[in-house]
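K.L.:
Have a look at this one.
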Amino acid sequence: MISIETFPNPKPDRKYVITHVNPEFTSVCPKTGLPDFGIITVKYIPDKVCLELKALKYYYLSYRDKGIFYEAVTNQILDDLVAACEPLEMEITSEWTTRGGMNSVIVAEYHKGE
């Protein structure tokens, strides 16, 4: 897996929200082998460090050829990003394009200390 880099939080004494949106996320359906297209939104309150965007972009690209279900990829991203930056709170939302007349939205949350 790609290393997720961080940098020091420039305002660690203040709670504030950072939101990053990747409108071009792709992975592969493990059942059909067809590509899945989605929007990944990361919303978090940093603690000591923040996520570095170039590294985050390359991390997302590592899923491009990976066969993984929507629910699994959403929770894996949450686990990996929490491990990388240890935020106070984080929410990952994955919104998937329509397939078979249905679309899916998956939300996974982390709250430090819970």
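Please treat every number below as a calculation from the coordinates, not as lab data. Since the structure is predicted, the reported quantities are computational estimates derived from the model, not experimental observations.
K.L.:
In whole Hz, what ³J(HN,Hα) sequence does the range 8-17 give by Karplus (6.51, -1.76, 1.60; θ = phi - 60°), x for Gly and Pro?
P.N.:
3J(HN,Hα) across the range 8-17, in whole Hz: x, 5, x, 9, x, 8, 10, 7, 8, 9.
K.L.:
Can you list the HN-Hα couplings for the range 96-101, worked out from phi with the Karplus curve (6.51, -1.76, 1.60; θ = phi - 60°), rounded to whole Hz and with x for Gly and Pro?
P.N.:
Residue by residue, the range 96-101 yields 9, 5, 5, 9, x, x Hz.
K.L.:
Let me ask something else about it. Mind checking the angle between helix 70-85 and the chain's longest principal axis? C-alpha axes, 0 to 90 degrees, to the nearest 10.
P.N.:
Roughly 20 degrees, rounded to the nearest 10.
K.L.:
Under 8 Å for C-alpha pairs, at least 6 residues apart: give me the relative contact order for the chain, rounded to a whole percent.
P.N.:
After rounding, I find 29 percent.
K.L.:
Counting only residues 5 or more places away or on other chains, whose amide H sits under 5 Å from the amide H of Phe25 once H atoms are built in the peptide plane?
P.N.:
Excluding prolines and chain starts, which carry no amide H, the hits are Gly38, Ile40.
K.L.:
How large is the convex hull of the C-alpha atoms of the chain per residue, in Å³?
P.N.:
Value for the chain: 95 Å³ per residue.
K.L.:
Got a sec to turn the phi values of the range 22-39 into Karplus ³J(HN,Hα) couplings, 6.51 cos²θ - 1.76 cosθ + 1.60 with θ = phi - 60°, whole Hz, x for Gly and Pro?
P.N.:
Along the range 22-39, the couplings run 10, x, 10, 6, 9, 9, 10, 5, x, 7, 9, x, 7, x, 10, 10, x, 10 Hz.
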